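Chemist: Let me begin by handing over the structure; questions about it come next.
The values are calculated or read from the model by the stated rules, or taken from the named source; none is laboratory data. Nothing here was measured: the structure is a model prediction, and the numbers come from that model. Here Cβ is always computed from backbone atoms with ideal geometry, including for glycine, and neighbour counts include all displayed protein chains. Just so you know, the surface numbers come from the protein's heavy atoms only, side chains and all, with ligands and any DNA or RNA stripped out. Shrake-Rupley method; radii C 1.70, N 1.55, O 1.52, S 1.80 Å.
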Amino acid sequence: MAQASLIVSKLWPNFATVNADRNYQQLFNIHFPSYRQVMKYRFCRLLTVSVILSMTSISGRAVASEPSPANPDIDANPYFILTAEADSAIAKGDYDRAAARLIDAMAVEPDNPGNLLLKTNLGIVYSALDRDSLATATLSDVISRAPSMTVALVARGRIALKTRHDSLALADFSRAIKVDSLCTDARYFRGLMALYGGDRKMAEADLAVIGSLQPDRPRTLSALGALYSMTGREREAVKYLERLIEDDPAPEFYATLAGCYLTLEKLSDASRVIAEGLRLYPRDPELYYYRAWLNRERFRYDDAKADAKLAIKYGASPQKVNDLFKKK
């Protein structure tokens, strides 16, 4: 439990302590090094593809319907052509072109109910271009027209996280969950915000939902690994983190897992994880930090101090590293 802040600060970089800087933007760094990649891979393509053959229901979900075989000219329909061009532009990271094509598509058929999804996508594309005020205004217009459209609520909440408007993000995620209690995106982000905000009850409830509905997704494994390591349940955390490094062998996950094993005094497991991590990431400061900790526990003080120097050399906090050698 004493090492929880060390474990979590690596799993979600720049979180120094649970109650310190609530920089929720760092939640996006779990699987993507930048928010723009989140926008590209998790928002835009999903929404644009779905809108080609979608209508919006009262709950805000997309209800797919196959094109009629009796309409052979569907491929020549400007609305679908422009939407497909927007999708292609998003896939290539050409967000300016994507925005233009989405606007053109909505202009061609201004009364098409699918425009609610297109406009949601437009708001997301604007944020990918760092035009976040315009993105928020665009999504707010969608929500004013379709208050129960969870995909727009979650998208606006994620932009609020990006721009550090934490209370607005929390409100949007909570509103989406009220509409659809099984909205996994909203549960995921609200659960992590609750975890770092100290609301353990909400965090447990939200992350339990994604654990039940999406048990094998990397983001679920990392979120539950963080939940359990932060709350002194390292034995539970390692189950998720071991699976996670098989799927996503990132250095922060190796370091987090090593920290859990050290807390549990499972030195052989910690040694295995650290060795594997350093083989892949020979300059990761946290892995050297944990190897210094491991060598200290094995009374190999010279090796521990050598690893401590390497940890500091590659960017670890000198104070944190030196604390390893203070008398308990």
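Chemist: When only the heavy atoms of the protein chains count and the probe is 1.4 Å, how do Arg200, Arg233, Arg279 rank by accessible area, highest first?
Modeler: Highest to lowest solvent-accessible surface, that is Arg279, Arg200, Arg233.
Chemist: State the dimensionless ratio Rg/Rh of the stretch 199-282 (Rg: radius of gyration of Cα atoms; Rh: Kirkwood radius).
Modeler: Taking Rg over the Kirkwood Rh, I get 0.99.
Chemist: Follow-up. Mean projection of the alpha-carbon convex hull of the stretch 285-324 over all orientations, in nm²?
Modeler: In nm², the orientation-averaged hull projection of the stretch 285-324 is 2.1.
Chemist: Lys and Arg at +1, Asp and Glu at -1: add these up for the other residues within a Cβ distance under 13 Å of Tyr240 and post the number.
Modeler: Its environment carries a net charge of -1.
Chemist: Can you find, among Leu182, Gly197, Ala208, the residue sitting farthest towards the positive end of the charge dipole of the stretch 155-230, where Lys and Arg contribute +1 and Asp and Glu -1 at Cβ?
Modeler: The Cα lying farthest towards the positive end belongs to Gly197.
Chemist: Something else: Among residues other than Asn295 whose Cβ falls under 13 Å from its Cβ, what is the net charge (Lys/Arg +1, Asp/Glu -1)?
Modeler: +2
Chemist: Over the stretch 79-140, give the accessible area per residue in Å² for a 1.4 Å probe, as an integer.
Modeler: 39
Chemist: How much net charge surrounds Ser140 when only other residues with a Cβ under 15 Å from its Cβ are counted (Lys, Arg +1; Asp, Glu -1)?
Modeler: That works out to +3.
Chemist: Using 26 Å as the Cα-Cα cut-off, could you pick out the over-long pairs in Lys162/Lys309; Lys266/Lys309; Lys119/Lys178; Lys92/Lys162?
Modeler: Lys162/Lys309
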